[in-house]
Amino acid sequence: MQYRTLPNTDLKVSAIAFGCMSTVANPTYPGAEEQQVMDTIHAAIDAGITLIDTAPMYGNGESERLLGLAIKDRRDKMIIADKASGPTLSKTEILADCETSLKLLQTDVIDLYQIHWPRRQVPIHETIEALDTLKKQGKIRFTGVCNYGPLDLGDWLPLVDCCCTDQVVYNMLMRAAEYELIPLCQEKNVGLLCYSPMAQGLLTGRFASADEVPVGRARTRHFASTRPEARHGEAGCENETFTAIAQFKAFCEARNLNMAHASLAWLLHQPTITSVLAGASRPEQATANALAADIQFSDAEIEELNRITQPVKEQLGPSLDVWSSEARTR
Ligand SMILES: NC(=O)c1ccc[n+]([C@@H]2O[C@H](COP(=O)([O-])OP(=O)(O)OC[C@H]3O[C@@H](n4cnc5c(N)ncnc54)[C@H](OP(=O)(O)O)[C@@H]3O)[C@@H](O)[C@H]2O)c1
């Protein structure tokens, strides 16, 4: 495992992190039995993973509860990234939500507390004041944001002392961050935490066509808006997506590489990446994913992977929202 410094802190975090979303039932995943979740988190930790990401939204607190239970005896070795997920991001709401999260996690402090989605329900100053209060109270150590595109991040950064990370969707089939966000993060020393690094399983090669993808995962802008739960109203790019996946599969087969590993490793070769949040619902997935940090690609191989996925990048454009219409770009 490689370890990288969380920008503007002295914290070292594993380059492959564990994301808890797929451990509990939610609109994307069916969830797993409690013992399986414990075993999966323990497998991730045993494989050298130190950073674990969760959110109140994942199973309405259930993911935080299970994580708290799983790491009770090793809390001091772990770095917890949690989120303020509420609908308004008002000060009262954030202070109360943080209290609930701390109880569920069975801890006194959250290491990295992130705003889950940019919302403009209350003045941005009020949200920042809530984070400052929590820091002064010792309930959170460092702060970050999620899903902030260049516009929201540009408004946020001048108002805060420090924003360690922006957590956004980034994988070979969703490269929107490359247009403007990565250059901005590089310039401002904000680390990128990549979510859905395997495109929720698409990049593992387990689905040969769009029709095989479970309904909850076929909601992204890769898929046609005629798919049952899609809400983006776009035509999608199913052909480009599955052509890229087939070419990526051939690339991996020629090198005897596991596709999940290769998709995670491609991200670790990109600039400003602090850590890649790999989801897993079974121990063997968590163990296997941790090995991705050992793969080294040549410049020519990275170029080849970029070429394979370029048509999907062009279709999806610079919007960082993978579920909603491009018109709502941030
Ligand atoms: N901030 C945000 O708004 C946001 C949004 C989404 C995600 N996230 C974070 O990012 C984390 C990961 O994202 P994600 O779950 O959307 O996508 P992901 O990590 O790309 O996909 C995870 C899923 O891929 C499959 N998988 C994982 N490893 C595998 C392997 N080695 N071989 C074959 N299949 C494998 C599993 O599916 P099965 O369970 O079906 O086996 C797993 O649940 C989340 O847990 C969460 O922490 C944040």
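The values are calculated or read from the model by the stated rules, or taken from the named source; none is laboratory data. Treat the numbers as computed from the prediction; the structure is a model and nothing was measured. Neighbour counts are summed over all protein chains in view; Cβ atoms, including those assigned to glycine, are modelled from backbone coordinates with ideal geometry.
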> Taking segment 221-249 as the region of interest, how many residues are closer than 23 Å to Phe297 by Cα and not hydrophobic (A, V, I, L, M, F, W, C)?
Replying inline: 4
> modelled with pLDDT under 95, over 20 Å from Trp323 (Cα atoms), loosely packed, with under 15 Cβ neighbours inside 10 Å and among the aliphatic types (A, V, I, L, M): does that describe Ala254?
Replying inline: no
>> One residue is enough: does segment 102-115 have a residue meeting the conditions surrounded by 20 or more Cβ atoms within 10 Å (Cβ to Cβ), over 24 Å from Ala293 (Cβ atoms) and of a type in the set (Phe, Trp, Tyr)?
In response: yes
>> Can you find, within segment 32-55, the residue that is surrounded by the most Cβ atoms within 10 Å (Cβ to Cβ) among those that are without any contact (Cβ under 8 Å) to a residue 60 or more places away in the chain, outside any helix (DSSP H, G or I) and touching a helix residue (DSSP H, G or I) at 6+ places or on another chain (Cβ under 7 Å)?
In response: Thr54
> List the pairs whose first member sits in segment 107-123 and is closer than 12 Å to Ile94 by Cβ, whose second member is more than 16 Å from the ligand (Cβ to nearest atom) and acidic (Asp, Glu), and whose Cβ atoms are under 9 Å apart, counting only residues at least 6 apart or on separate chains?
Replying inline: Val122/Glu93
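Regarding Glu238, is this residue out of contact with any Cys (no Cβ under 7 Å at 6 or more places or on another chain), free of Cβ contacts under 8 Å to residues at least 24 places away in the same chain, acidic (Asp, Glu) and under 17 Å from Asn171 (Cβ atoms)?
On the way: out of contact with any Cys (no Cβ under 7 Å at 6 or more places or on another chain): yes; free of Cβ contacts under 8 Å to residues at least 24 places away in the same chain: no; acidic (Asp, Glu): yes; under 17 Å from Asn171 (Cβ atoms): yes.
Against the criterion (out of contact with any Cys (no Cβ under 7 Å at 6 or more places or on another chain), free of Cβ contacts under 8 Å to residues at least 24 places away in the same chain, acidic (Asp, Glu) and under 17 Å from Asn171 (Cβ atoms)), Glu238 does not qualify.
In the list Leu320, Leu267, Leu291, Leu277, which residue meets the criterion of being within 16 Å of the ligand (Cβ to nearest atom) and surrounded by fewer than 18 Cβ atoms within 10 Å (Cβ to Cβ)? Steps first, answer last, please.
Details: Leu320 fails: surrounded by fewer than 18 Cβ atoms within 10 Å (Cβ to Cβ); Leu267 fails: surrounded by fewer than 18 Cβ atoms within 10 Å (Cβ to Cβ); Leu277 fails: surrounded by fewer than 18 Cβ atoms within 10 Å (Cβ to Cβ).
Exactly one of Leu320, Leu267, Leu291, Leu277 is within 16 Å of the ligand (Cβ to nearest atom) and surrounded by fewer than 18 Cβ atoms within 10 Å (Cβ to Cβ), namely Leu291.
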> Which pairs have Cβ atoms under 9 Å, sit 6 or more apart or on different chains, and link a residue in segment 1-26 that is under 13 Å from Leu193 (Cα atoms) and of a type in the set (Ser, Thr, Tyr) to one that is assigned to a loop (DSSP other than H, G, I, E, B) and within 16 Å of the ligand (Cβ to nearest atom)?
Replying inline: Ser14/Met1; Ser14/Ala47; Ser14/Gly48; Ser14/Ile49; Ser14/Thr50
> For the subset of segment 279-324 comprising residues that are outside any helix (DSSP H, G or I) and of a type in the set (D, E, K, R), which member is farthest from Phe223 (Cα to Cα)?
Replying inline: Arg282
> Identify, please: which residue in segment 158-209 is touching a residue at least 60 places away in the same chain (Cβ under 8 Å), surrounded by fewer than 20 Cβ atoms within 10 Å (Cβ to Cβ) and polar (S, T, N, Q) and is, among those, farthest from Ile79 (Cα to Cα)?
Replying inline: Gln186
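Do we find that Lys135 is more than 16 Å from the ligand (Cβ to nearest atom) and free of Cβ contacts under 8 Å to residues at least 40 places away in the same chain in this structure? Outline the logic, then answer.
Working: more than 16 Å from the ligand (Cβ to nearest atom): yes; free of Cβ contacts under 8 Å to residues at least 40 places away in the same chain: yes.
Against the criterion (more than 16 Å from the ligand (Cβ to nearest atom) and free of Cβ contacts under 8 Å to residues at least 40 places away in the same chain), Lys135 qualifies.
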> Given (1) of a type outside the set (Phe, Trp, Tyr); (2) away from the ligand (no atom under 12 Å from the Cβ); (3) surrounded by fewer than 16 Cβ atoms within 10 Å (Cβ to Cβ); (4) not in a loop (DSSP other than H, G, I, E, B), where does Asn60 come up short, assuming only one miss?
Replying inline: (4)
> Do any residues in segment 282-296 that are under 12 Å from Ala262 (Cβ atoms) and charged (D, E, K, R) have Cβ atoms under 9 Å from those of residues that are assigned to a helix (DSSP H, G or I) and more than 11 Å from the ligand (Cβ to nearest atom), where the two are at least six apart or on different chains, and which pairs are they?
Replying inline: Asp294/Ala265
> Asn147 versus (1) of a type outside the set (A, V, I, L, M, F, W, C); (2) in contact (Cβ under 8 Å) with a residue 60 or more places away in the chain; (3) away from the ligand (no atom under 11 Å from the Cβ); (4) closer than 16 Å to Ala84 by Cβ: which is the lone unmet condition?
Replying inline: (3)
